[in-house]
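Single-structure report; data block below.
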Amino acid sequence: MENRKDQIIEVALKRFSHFGFHKTTMNEIADDLRITKANLYYYYPDKPSLIIDVLCKIASDLHEPELAIVEKYNGDILKVVNEVIETRSRFMRKYYLFHINENLDWIKGIDLTDTMEKFYKRDVEVLKSLLNKAVEAGELKMNNIDEAAVCLTEIQKGIALLHTVADVITGIPNDSNVDKILESQKRSAKLIFDGKINRN
């Protein structure tokens, strides 16, 4: 690890992944690190600031492979979109407890607005980059790439919410929903691009 903050984030990530945000205490994280609670609070004055850094790490770990997939665009927009969806699906499965916790009442008190907006914009930029490549290659007919990237991102996020709302309400994770989300997102992408792809 580069520094103590990175170690704290890694340990918190493991604990949050297993027990969720609410059930994990700062004392447990300090114990796992074999440091004092005071030492932990030196780096993170409260649990919300640690949660935000953990979420940023996950988003960063996801963003790198997404960009690599987009860079390998080879003239098949649907294939690349599906690869991005599959990559996101793997992360969702790995961090499913986080996904359903995003909408719980207790976390709404944490100011995640800016952080979640940053993640949303990053998702839009990944799709916008891909759509630009497909239009420039002549594979895709599209007038407003910005609007299309926003719409596709919102549809994908809406599908994820639709399939997990029961888990969010009950707080009981059912990761088989990730398979439903993956299939629905792939179907929606196919429908969206139907008639817009040039097959010359």
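Of everything in region 129-171, what is among the basic types (Lys, Arg) and within 16 Å of ARG88 (Cα to Cα)? Give them in sequence order. Spell out how you get there, then give the answer.
Restricting attention to region 129-171, the residues satisfying the condition of being among the basic types (Lys, Arg) are 133, 141, 157.
LYS157 - this is the single residue of region 129-171 that is among the basic types (Lys, Arg) and within 16 Å of ARG88 (Cα to Cα).
Given the residues ILE35, ILE29, ILE8, which is the only one that is crowded, with 17+ Cβ neighbours inside 10 Å and outside any helix (DSSP H, G or I)? Don't jump to the end; show me each part of the working.
Working: ILE29 fails: outside any helix (DSSP H, G or I); ILE8 fails: outside any helix (DSSP H, G or I).
Residue meeting the stated conditions: ILE35.
List the number of the failed condition for GLU102; all other conditions in (1) over 20 Å from ARG122 (Cα atoms); (2) modelled with pLDDT under 75; (3) of a type outside the set (A, V, I, L, M); (4) open to solvent by 40 Å² or more (accessible area, probe 1.4 Å) hold.
Only one criterion is unmet by GLU102, namely (1).
Residues in region 185-196: is at least one modelled with pLDDT of 95 or more, of a type in the set (D, E, K, R) and over 26 Å from LYS94 (Cβ atoms)?
Among the residues of region 185-196, not one is modelled with pLDDT of 95 or more, of a type in the set (D, E, K, R) and over 26 Å from LYS94 (Cβ atoms), which makes the answer no.
Can you list residue pairs whose Cβ atoms sit under 7 Å apart, with the first residue in region 53-70 being within 17 Å of ILE8 (Cα to Cα) and in contact (Cβ under 8 Å) with a residue 12 or more places away in the chain and the second being open to solvent by 40 Å² or more (accessible area, probe 1.4 Å) and β-branched (Val, Ile, Thr)? Count only pairs 6 or more apart in sequence or on different chains.
Within 7 Å, no pair qualifies.
The values are calculated or read from the model by the stated rules, or taken from the named source; none is laboratory data. Quick caveat, the model's predicted, so the values are computed rather than measured. We place every Cβ from the backbone using ideal geometry, glycine too, and count neighbours over all the protein chains shown. Ligands, DNA and RNA are stripped out before the accessible areas are found, and what is left, the full protein with its side chains, is counted by its heavy atoms. Shrake-Rupley method; radii C 1.70, N 1.55, O 1.52, S 1.80 Å.
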